[in-house]
Each structure stands twice: as structure tokens, then as C-alpha cells.
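Accompanying notes for the structure given below.
Derivation of every value follows stated rules applied to the coordinates shown; laboratory data play no part. Treat the numbers as computed from the prediction; the structure is a model and nothing was measured. All Cβ positions, glycine included, derive from the backbone under ideal geometry; neighbour counts span all protein chains shown.
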Amino acid sequence: MAETIFTKIVAGDIPCQRVFENEHVFAFLDINPLAEGHTLVIPKRAVARLEDLPAEELAAVTAVLPQLAKRILAATGAAAYNVLLNNGSEAGQEVQHVHFHIIPRKKGDGLGFRWNKKQVTAEELTALAERIAAQG
Ligand code: 5GP
């Protein structure tokens, strides 16, 4: 199995603050949190990219997200949260082991995305949707 900093964390070779574990899934606090309670939820097996993670392992990871997020909100008093997955270095992925971020959010916390919406025509959207749908 490929080794990553996260497999070392799962194995206990690198310390972490664990908040959840089952057969396939491990969750622990991010060492450099964007907010109090920022948590990483990972498959125990190291797979770098989302599209390469077998469906059962992805299902196991995503199945725990809502309950875990609820616990994090209860523990931190946050009102909401973002679930984020950086998939590929251009998207900001630094650790080559699939991980969902749960990032608690509070009003006025100053976090956020640059959400620079673009104007496109209906024809452009139609052509693009057809191109995507036609991919194998
Ligand atoms: P990425 O940019 O790959 O989506 O996120 C990687 C995350 O892993 C970062 O938020 C970073 O702070 C966190 N991280 C990296 N190394 C460690 C570590 O050794 N321990 C913990 N708890 N978090 C880590």
C-alpha cells in the first residue's frame, strides 16, 4: 500500500488528535486549522485522487460526514460548515491521500471562497453539457 503522511497518522507513527475511526475511515483535527474544529476525514487506504477511490471506500467515508459534522458543530458552537475536497494540485491538494475537510463556519469568520461567477450564454452551456455527457 502507498504510504502518505496520513497513512502514518492512521498507523500511529505520527501523532494526531483523532475524533473518529471505523474499519475504513479515520478522522482527525487538521494541524493548521482554518477554523476551530477543522477536521480531515480520510479513507484508511492511501488513494491520491477521488476518482480512483473505489465506490465502497468513498461511500464509507461520505457516510460518516454528516454525523461527524454534527458532533463538531455541537462541540464548537459553530452554526454551519463547509465540506471541501481539494482534488489535484491545481485545486490546492497538498497531501496525496483523499481527504474531506469539514470546516466549521461562524457568522463573520472571514473565511470564504473567491466565487467569481462568469457570464455565459445558454448556447455555451448547452454545448458544454453535451461535450461532458458524451465523454466515456
Ligand atoms: P490539502 O491542501 O491537501 O487539501 O490539505 C492538507 C491538509 O492536511 C492541510 O489542511 C494541512 O494543514 C493538513 N496536514 C498536513 N500535514 C498534517 C499532519 O501531519 N497532521 C495533521 N493533523 N494535519 C496535517
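I need Leu111, Leu53 ordered by Cβ neighbour count within 10 Å, fewest first.
Values: Leu111 13, Leu53 17.
Taking fewest neighbouring Cβ atoms as first place, the list is Leu111, Leu53.
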**Asked** Principal axis lengths of the chain from Cα atoms, whole Å, largest first?
**Response** 52, 41, 24
**Request:** Springs between alpha-carbon atoms under 10 Å, Gaussian network over the chain: tell me which of Gly37, Gly108, Gly77 tops the mean-square fluctuations.
**Result:** Gly108
**Prompt:** Which one of Leu29, Leu53, Leu73 has its Cα pushed farthest toward the positive end of the charge dipole of the chain, where Lys and Arg give +1 and Asp and Glu give -1 at the Cβ?
**Reply:** Leu73
**Request:** Give the angle, between 0 and 90 degrees and rounded to the nearest 10, that separates the Cα long axis of helix 122-133 from the longest principal axis of the Cα atoms of the chain.
**Result:** 60
**Prompt:** Using mean Cβ contacts within 10 Å as the protection proxy, how do 13-20, 42-49, 97-104, 123-130 order, highest first?
**Reply:** 97-104, 42-49, 13-20, 123-130
**Request:** Please identify every one of the GluC sites (Glu not before Pro) in the range 29-121 that sits in a loop by DSSP and has no more than 11 other beta carbons within 10 Å of its own beta carbon.
**Result:** Glu94
**Asked** Going by alpha carbons, how many degrees (0 to 90, nearest 10) lie between the helix axis of 55-76 and the longest principal axis of the chain?
**Response** 70
**Request:** Please list, or write none, the aspartates and glutamates whose alpha carbon is within less than 18 Å of the alpha carbon of Lys106, excluding same-chain residues fewer than 8 places away.
**Result:** Asp30, Glu36
**Fill in**
Ranked by GNM mean-square fluctuation in the chain (Cα springs under 10 Å), the top entry among Ala80, Ala91, Ala27 is Ala91
**Request:** Place a +1 charge on the Cβ of each Lys and Arg in the chain and a -1 charge on the Cβ of each Asp and Glu, then give the dipole magnitude about the Cα centre in debye, rounded to the nearest 20.
**Result:** 560
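So what's the net charge close to Leu34: Lys and Arg +1, Asp and Glu -1, counting the other residues with Cβ under 12 Å from its Cβ? Show your work: numbers first, answer last.
Values: positive: Arg105, Lys106; negative: Asp30, Glu36, Asp109.
Residues near Leu34 contribute -1 overall.
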